[in-house]
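Encoded as structure tokens, the structure appears first; notes follow it.
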Amino acid sequence: MKIRLILIIIGTLIGQVSFSQTHTEDDYYQIITVPTPEGLELEIGGMTLLPDGSLVACTRRGEVWKVENPYMFGGGKAVFTKIAEGLHEPLGLNYIDGKLWTTQRGEVTILHDDNNDGQIDRFQQYYKWPLSGNYHQYSYGPALTKDGKKLFTLNLDWIGHGASLTKWRGWMFTLDDEGKMEPWATGLRSPAGFMVNDQGDIFYAENQGDWVGSGRVTHLEKGDFAGNPEGLVWADDPTSPVKLRTEDIPDTGEPLYEVAQRVKGIKPPAVWFPHTLMGISTSDMVQDLSDGKFGPFSGQYFVGDQGHSKIMRMALEKVNGAYQGACFPFREGFQSGVLRMNWGFDQSMFVGQTSRGWAATGRSKFGLQRLSWTGKIPFEIKSIKSASDGFILEFTEEVNEDLAYNPASYDIQSFTYKYHHNYGSPIINQREVKIKGIELLEDGKSVHLAVDSMRLGYIFGITAEGIQNTKGDALLHNVGYFTLNQINQSISPLDLDLFAVEEKTMEHNHEPMDDMATDIISQKRQNNMPDSWAGKVDQTITIGTVPGLKFDTKLIQVKAGSKIQITFNNNDDMLHNLLIVNPGTVNKVGEAALNMGLKGPNMGYVPDLPDVLYHSGILQPESSETFYFEAPKKKGDYHFVCTFPGHYTVMNGIFRVK
């Protein structure tokens, strides 16, 4: 038997392969804008297709619009017709049994066109629920279950933390044809996106918040508890299938998966979407059932992100009855925050967008765009699957054999988040995962990586930066994040006599990241008044936040060289910080924070740049911080800005030194 030991010499192999031209996302998936009539603010809350191919969209302003020729075939224009108005922020729409169904704040409504003139004549209340008046009581649906029931979710209220102030808030439930309501699952916080896949299984997407360390997608079966305990106040109802009670949920900061092993009924996520590394606010989900008409990802899922104005990709597997899988970057650059996605009849994807109150990297307040595959195959990590001793990376094209066998082509880091009542979590328990063996499989597109550590419940960030295809092209996106819930024993381990890695010469230096970002220590962050000031400041400033990712002022004026005390009050329902930066550097600093990767949460999203002059830490909702500094001696228009990823585009103001 021939023993294959991989001896790595720094600088070989990678340097010997020539690179072809750089490709972009637009080469493979093009964003086509559907122009809206002047004066129409199409803040889309829900979308659905009619049998004639027309698109119907409901808006957060309570209107319903029919869009004929939304594909703009033959160079024609899309035609918009308002068919209803007066609804209360509908955030879901579906076409069921010849009728439009929508979900308003407090009810499910069927829209009737009784005289067939194209206008809605009658609003039929199908089911209603009580409202508290809290602004955070968003309601979503319907989707259709495999047995034909209508599926809905209800947001929690926000009172400085999530709360279920009226019945069934934080729950998923179904309605049958007679309008009978059946609670399905709870533990939900802000479940804007959910779907039923081709197997009839239900998934919902969650946003970072209290009890939610990062965005995630969870498979919900009847009676499941997904993590946020506020909805458990209704678990005593005779119709509740959930067995857990509020007092059963520990608040220890342990990883969610570990808590779920001893508290039966907690459902860990199928896939974590690492915060800021993938997105910041997961939204809608759709499954690709086009059989290759939307590219090489048939059967996989696309998940929107409202805050980062993009769409991500998710590949799932089912091992021992449990879902797990990986998420990948897919397509950025939408004009507003991605909230809804629908497949068109031509297998392009309609993308409905909104940002009012939920600011996004896309600068527009709203948008309707279409994502179309160009027919070219992108070189991507198609999927990551678990093996008994590691992972199988499947690529969309055959890979360069020498690079595939080079362990320096890969970097694997495992990490997770705290499960606690706080808003979000830093990355914890990060560890470099070492590669023990590599085999390029017979198809030339798949690589089996044997590793030294497979921690259940953890996220494995797998980067394949050194991989190229046989033409010398680098990957379009070289990273995926795999959530491991079960080890797949059906895939045998590598024979390390044949495929062992003898040594790895390119070590990746990653420091432990278990400190809370709020504890970040910096010379640019002084929370105590300097002794040399003798207890006196020249100017005291208080600045707060208001809904919609805004500070409560756009201008602060100070005297050059003066002693400043700033108290920053975070009155919002999400995390924020406050930085003072040099003139004209808001975008530079904000983009640097966006690209901090795994270090971001634990550095408070404060980039190590000279343009950052002073800063606070990351503030939890309903908290405050005071810090001190001397104003710059040079007059000019400096800036204050929040650099929590994606916020900098709208959450900034002038810090004027006179």
**Boolean, G193 is under 22 Å from A260 (Cα atoms), touching a Ser or Thr at 6+ places or on another chain (Cβ under 9 Å) and not hydroxyl-bearing (S, T, Y)** = no
request  = State whether the residues of segment 355-376 include one that is touching a helix residue (DSSP H, G or I) at 6+ places or on another chain (Cβ under 9 Å), assigned to a loop (DSSP other than H, G, I, E, B) and charged (D, E, K, R).
outcome  = yes
So, first residue touching a residue at least 12 places away in the same chain (Cβ under 8 Å) and within 18 Å of L91 (Cα to Cα) in segment 146-170, second residue among the basic types (K, R) and assigned to a loop (DSSP other than H, G, I, E, B), Cβ within less than 6 Å, six or more apart or across chains; the pairs are L154/R169; L156/R169; L156/R189
Residues of segment 549-567 being surrounded by 14 or more Cβ atoms within 10 Å (Cβ to Cβ) and within 34 Å of the chain's Cα centre (by Cα), in sequence order, are L549, K550, F551, T553, I556, I566, T567
Within segment 244-298, restricting to residues that are over 30 Å from N342 (Cα atoms) and among the hydroxyl-bearing types (S, T, Y), the one that is surrounded by the most Cβ atoms within 10 Å (Cβ to Cβ) is Y257
Q | Some residue of segment 289-300 being touching a strand residue (DSSP E or B) at 6+ places or on another chain (Cβ under 9 Å), within 20 Å of Q208 (Cα to Cα) and small (G, A, S) | A | no
Cβ pairs under 9 Å, 6+ apart or interchain, first in segment 406-422 and within 23 Å of L440 (Cα to Cα), second in a helix (DSSP H, G or I), ordered by first then second residue, are N406/I14; A408/I14; S409/I14; S409/L403; Q413/L598
Inspect all residues belonging to segment 597-613 and state whether any of them is of a type in the set (S, T, Y) and either surrounded by fewer than 21 Cβ atoms within 10 Å (Cβ to Cβ) or farther than 30 Å from I428 by Cα (or both). no
Within segment 534-548, of all residues that are surrounded by fewer than 13 Cβ atoms within 10 Å (Cβ to Cβ) and hydrophobic (A, V, I, L, M, F, W, C), the one nearest to N571 (Cα to Cα) is V546
Among residues of segment 166-176 being closer than 24 Å to M47 by Cβ and out of contact with any Leu (no Cβ under 7 Å at 6 or more places or on another chain), the residue surrounded by the most Cβ atoms within 10 Å (Cβ to Cβ) is F173
Within segment 426-435, restricting to residues that are buried (at least 19 other Cβ atoms within 10 Å of the Cβ) and touching a residue at least 60 places away in the same chain (Cβ under 8 Å), the one that is farthest from I459 (Cα to Cα) is I435
Flagged in segment 387-425 as more than 14 Å from T463 (Cα to Cα) and among the polar types (S, T, N, Q), in numbering order, are S388, T396, N400, T416, N422, S425
Margin query: Among the residues that make up segment 451-471, is at least one of them free of Cβ contacts under 8 Å to residues at least 24 places away in the same chain and on the phi < 0 side of the Ramachandran plot?
Written below: yes
Within segment 570-592, restricting to residues that are surrounded by fewer than 19 Cβ atoms within 10 Å (Cβ to Cβ) and under 26 Å from the mean Cα position of the chain (by Cα), the one that is farthest from R189 (Cα to Cα) is K588
Considering segment 382-416, residues that are acidic (D, E) and under 24 Å from the mean Cα position of the chain (by Cα), and then whichever is surrounded by the fewest Cβ atoms within 10 Å (Cβ to Cβ), we arrive at E394
Filtering segment 383-440 down to residues that are part of a loop (DSSP other than H, G, I, E, B), hydroxyl-bearing (S, T, Y) and under 16 Å from D452 (Cα atoms) yields S388, Y410
Within segment 456-473, restricting to residues that are surrounded by 19 or more Cβ atoms within 10 Å (Cβ to Cβ) and among the hydrophobic types (A, V, I, L, M, F, W, C), the one that is nearest to the chain's Cα centre (by Cα) is I459
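A quick yes/no check of all residues on (1) touching an Asp or Glu at 6+ places or on another chain (Cβ under 9 Å); (2) surrounded by 23 or more Cβ atoms within 10 Å (Cβ to Cβ):
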{"site": "Y138", "(1), (2)": "yes, no"}
{"site": "L154", "(1), (2)": "no, yes"}
{"site": "S164", "(1), (2)": "yes, yes"}
{"site": "E182", "(1), (2)": "yes, no"}
{"site": "F194", "(1), (2)": "yes, yes"}
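FYI, it's all coordinate maths here, none of it is from the lab. None of the values given here were measured: they were computed from a predicted structure. Every residue, glycine as well, gets a Cβ built from its backbone with ideal geometry; the counts of neighbours run over all protein chains shown.
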